[in-house]
Structures are given as C-alpha cells and as structure tokens.
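Sharing a structure with you now.
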Amino acid sequence: MSGAVDLSALKQPPAGAPAAAGDHTVTEADFETKVLRRSAQVPVVVALYSQRSPGSIELVQLLERLVGEANGTWDLAAVEAESNMRIAQAFGVQGIPTVIAVAGGQPLADFQGNQPEAQVSQWLTAVVQAVEGKLEGDPSVPQEQPADPRFTAAEALLEQGDLAGAESAYESIVAQEPGNTEATAALRQVKFLRRAQELPESAIATADADPGNVAAALDAADVELFQQQPEAAFDRLIALVARTAGDERTTVRTRLLELFELFDQAEPFVVAARRKLATALY
C-alpha cells in the first residue's frame with residue numbers, strides 16, 4: 001500500500017471528536033499522535049474493526065495480546081470503523097476487519113479478514129524487519145544535538161569582544177574540517193568585523209575624494225556595509241570593477257565576492273548586485 005493513500009487529512013481532527021478510551025484505542029481525535037507521529041518511531045498496526053463483527057473483535061484481541069509480547073518493536077491502533085469513518089475512508093477500507101501497517105506516516109502493508117495466529121505473527125515479523133533501521137523518530141519533534149565545544153568556545157570569545165581569539169578558534173575548526181560550512185561562514189563574519197571596526201568613518205569621504213584609489217574604495221565599502229548599507233557598498237565596488245583592469249580589477253572583484261558571501265545569496269540586493277557585476281565584467 002506504500003504511497004497509495006493520503007493520510008494527511010487526518011492530521012486535523014474534527015471539532016468535538018471523542019477522546020480515546022484505552023491504551024490501544026484510536027479515534028480521529030488522536031490519530032495524528034498515536035499513528036502518524038508514533039509511526040516515525042516504530043511501525044503502527046492499525047486494526048479497523050466493528051462492534052457488530054465478533055470476528056473483527058477477536059482479531060483485535062489477538063493483536064492486543066501480540067503487541068504486549070512485542071517488546072516495543074511495533075504498536076497497535078484499534079479503530080472502530082463505524083464511528084471513525086474518515087480513517088476508514090482514508091485507507092480505502094473495503095471490508096471489516098482490515099489491518100494496515102503504517103511506518104513513517106505511510107501505509108506499508110495490509111491484510112483483510114481474520115487470519116490464523118501463526119500467519120498474523122509471520123506478517124508482523126515481516127513488517128518489523130522491513131523497517132528495521134529506517135525509522136528516525138518523530139519529524140515534528142526537534143531533535144536536540146549536543147553542542148560542539150569548539151563552537152561554544154568561539155562564541156564565548158565573541159561575547160567577550162575578543163574578535164582575534166574568535167577568528168583563531170574558527171580558523172582551527174576550518175583547518176580540521178574544511179567542509180564545515182557553519183565554521184566557514186562564522187569565520188567570514190568575524191574577519192569582516194575585525195577589519196571594519198578598525199576603519200574610521202571618514203573612509204567614505206576619503207574614497208569619494210579619490211575615486212581611483214582602490215584601497216580607499218575597499219575601506220569605504222567595508223564601512224558602508226558595517227553601517228548596514230550593503231547596496232551602497234556593492235555599487236561602489238561594482239563601479240570600480242568597471243573602471244579598472246588587470247590586478248586591480250581582480251582585487252576589487254575578489255573583495256566584492258567576499259562581501260556577497262556575508263549574506264543569504266537569495267537576498268534580493270545580493271541577486272541584483274551579482275547581475276550588475278556580471279554586466280560590469282562583460
């Protein structure tokens with residue numbers, strides 16, 4: 001049945017739905033919690049039965065006994081079909097009893113009608129084996145990750161205002177793990193802060209007075225960015241790219257790309273600046 005039915009509608013139970021009665025009884029009100037979320041941890045066997053069908057009640061009683069012997073490898077959801085029609089309809093139930101195994105929020109396997117205990121046990125074993133090692137827990141519950149002591153130390157240095165120490169700490173992480181994007185991004189930020197904080201506010205006026213001075217333009221762009229004016233910083237350097245050539249152009253372009261990396265690349269002002277840079281280069 002995998003992927004054959006959509007259970008998402010059952011995530012929003014109707015107002016006034018009855019509360020569950022019993023450890024394994026499930027209604028529309030708690031289907032999301034007891035079936036969809038629980039199935040992210042272990043397979044949940046949903047048994048749809050009717051109070052008017054003694055055979056279906058016997059099957060539920062068998063499953064209740066078997067789940068008690070399962071040591072938590074699977075769970076049971078006993079659903080009275082006539083009072084929970086939305087659940088029966090979601091599974092496309094054609095007859096009672098119907099048993100469906102749900103794993104990771106999706107139907108995995110099913111059978112209809114009463115079956116001998118040995119056959120039911122064999123089916124349950126197959127279900128458990130099919131998902132062994134594949135369920136990772138409830139995706140709706142944030143999984144806490146242990147804090148990396150290296151990042152904790154670097155962040156502490158930042159809070160103390162020790163930018164040089166923080167830069168060194170992040171450089172150490174990047175040296176150990178060149179692919180660590182979090183450390184690489186943090187290192188860029190710290191390097192920029194160290195450089196920008198050492199510049200005078202007059203750097204902008206100095207660059208405006210001498211438009212051809214590449215070093216002055218780089219400093220002015222840093223100050224503008226530090227003052228939360230990224231568009232002004234980008235425009236200044238893009239204009240300089242258009243006016244320079246050779247090593248000077250490479251220097252300006254390299255700095256501009258570094259500044260882009262301080263932001264989310266989807267930011268509209270970054271996208272616009274990249275387009276302007278492409279025009280200036282070509």
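The values are calculated or read from the model by the stated rules, or taken from the named source; none is laboratory data. The structure displayed is predicted, hence computed values, not measured ones. Cβ: placed from backbone, ideal geometry, glycine included. Neighbour counts: every protein chain shown. Just so you know, the surface numbers come from the protein's heavy atoms only, side chains and all, with ligands and any DNA or RNA stripped out. Shrake-Rupley method; radii C 1.70, N 1.55, O 1.52, S 1.80 Å.
Given the conditions (1) touching a helix residue (DSSP H, G or I) at 6+ places or on another chain (Cβ under 9 Å); (2) at pLDDT below 95, report the number of the one that VAL45 does not fulfil.
Unmet for VAL45, out of (1) touching a helix residue (DSSP H, G or I) at 6+ places or on another chain (Cβ under 9 Å); (2) at pLDDT below 95: (2).
With the structure loaded, tell me whether GLY161 is in contact with a Leu (Cβ under 9 Å, 6 or more places away or on another chain), without any contact (Cβ under 8 Å) to a residue 60 or more places away in the chain, open to solvent by less than 60 Å² (accessible area, probe 1.4 Å) and not in a helix (DSSP H, G or I) or whether it fails that test. Before you say what the answer is, go through the steps one by one.
Numbers: in contact with a Leu (Cβ under 9 Å, 6 or more places away or on another chain): no; without any contact (Cβ under 8 Å) to a residue 60 or more places away in the chain: yes; open to solvent by less than 60 Å² (accessible area, probe 1.4 Å): yes; not in a helix (DSSP H, G or I): yes.
No: the conditions fail for GLY161.
Only helices (runs of 4 or more DSSP H) wholly contained in region 165-271 count here; list those with 1 or more residues that are open to solvent by 20 Å² or more (accessible area, probe 1.4 Å) and under 23 Å from PRO149 (Cα atoms). Can you show your working first?
Values: elements: 181-197, 203-209, 214-226, 230-243, 246-260.
Of the helices (runs of 4 or more DSSP H) lying wholly inside region 165-271, those with at least 1 residues that are open to solvent by 20 Å² or more (accessible area, probe 1.4 Å) and under 23 Å from PRO149 (Cα atoms) span 181-197.
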